[in-house]
């Protein structure tokens, strides 16, 4: 319960800080970047980012960003500072340019930085993100809330999610918070609160070192607090501007404190770590994010824990979205008075930044 109350305070403060930070950011003058499409259309304004195969472009005469199919973009000239990710795993920083593929086959995209030019094929560009002037503006993330009520049995269900991540050319880090509450009047009540954090240090091409931390409170599994700390080596199997598949292998240390009613003492274990994470994005319409973590016992041989979560998101206007999530926590050796498997489905409305 202590973790649950602490986690709720973190979520509330995250919302307040996010609103204050972004409300205080002054508007900056637009650059005069140029984009030419393959059909001859020419646009003048400011390149914002390339995400999920769409180039976001701001102009003075259109409210919001114009979303352009990257494969239909013929030419780009921009003096802005960007972070770029290529299909081969290279992370670059600098200004960008693109020429017609016929003028430079296989090298029609370039990144310019400190009198050095790196060239690549346009279709091999996975992501382009504007280099922001400070840490707070470089953060990306989302805040989601869901609520359900059934009058017949006075059943109430409440869920919330918040996440934030920072990406640089050599490393990335992020954290997320999830909570859910379910109960009915004069009936049983369950609650879950979870905080996850990660850090990545990019190595050559598509490989990386990863550290992770997880803190879980679950009334159904009799957990007052489970702390998991560790890391490992990972690699991308697939990396395009619409699909990503990666794996991670390593070890973790786990410390578990159970509620008194479980009749189970505190526990400490060394476990293996195996993970698969997949992300599918289709332009600005929808996305699917799935992750599976398997923790086979090393000091407690024969015990296996798994955690899984999948979220399907449909984008709405003005950075709002709606989503449907499925999550599952499994323990092959839970306390005698607790469930070995806890799963849930939630839906909600959220906002991305």
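The values are calculated or read from the model by the stated rules, or taken from the named source; none is laboratory data. Since this is a predicted model, take the numbers as computed values, not measurements. Glycine gets a Cβ as well: all are built from the backbone with ideal geometry, and neighbour counts include every protein chain shown.
Below, the figures for the structure above:
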read-out: Qualifying residue in region 29-38 (condition: within 30 Å of residue 288 (Cβ to Cβ) and outside any strand (DSSP E or B)); value: yes
read-out: Strands (runs of 3 or more DSSP E) contained entirely in region 258-353, each with at least 3 residues that are within 18 Å of the chain's Cα centre (by Cα) and closer than 26 Å to residue 234 by Cβ; value: 267-282, 286-296, 304-315, 320-331
read-out: Residues that are more than 20 Å from residue 68 (Cα to Cα) and at pLDDT 90 or above, drawn from region 92-102; value: 92, 93, 94
read-out: Boolean, residue 191 is touching a helix residue (DSSP H, G or I) at 6+ places or on another chain (Cβ under 8 Å) and surrounded by 15 or more Cβ atoms within 10 Å (Cβ to Cβ); value: yes
read-out: Those strands (runs of 3 or more DSSP E) lying entirely in region 98-194 with at least 2 residues farther than 29 Å from residue 313 by Cβ; value: 109-113, 116-120
read-out: Those residues of region 158-181 which are buried (at least 20 other Cβ atoms within 10 Å of the Cβ) and out of contact with any helix residue (DSSP H, G or I) (no Cβ under 7 Å at 6 or more places or on another chain), in sequence order; value: 159, 161, 178, 180
read-out: Count - residues of region 48-87 that are assigned to a loop (DSSP other than H, G, I, E, B), in contact with a strand residue (DSSP E or B) (Cβ under 9 Å, 6 or more places away or on another chain) and over 18 Å from residue 281 (Cβ atoms); value: 9
read-out: Complete set of residues in region 180-213 that are at pLDDT below 90 and closer than 26 Å to residue 327 by Cβ; value: 180, 181, 182, 183, 184, 185, 187, 188, 189, 190, 191, 192
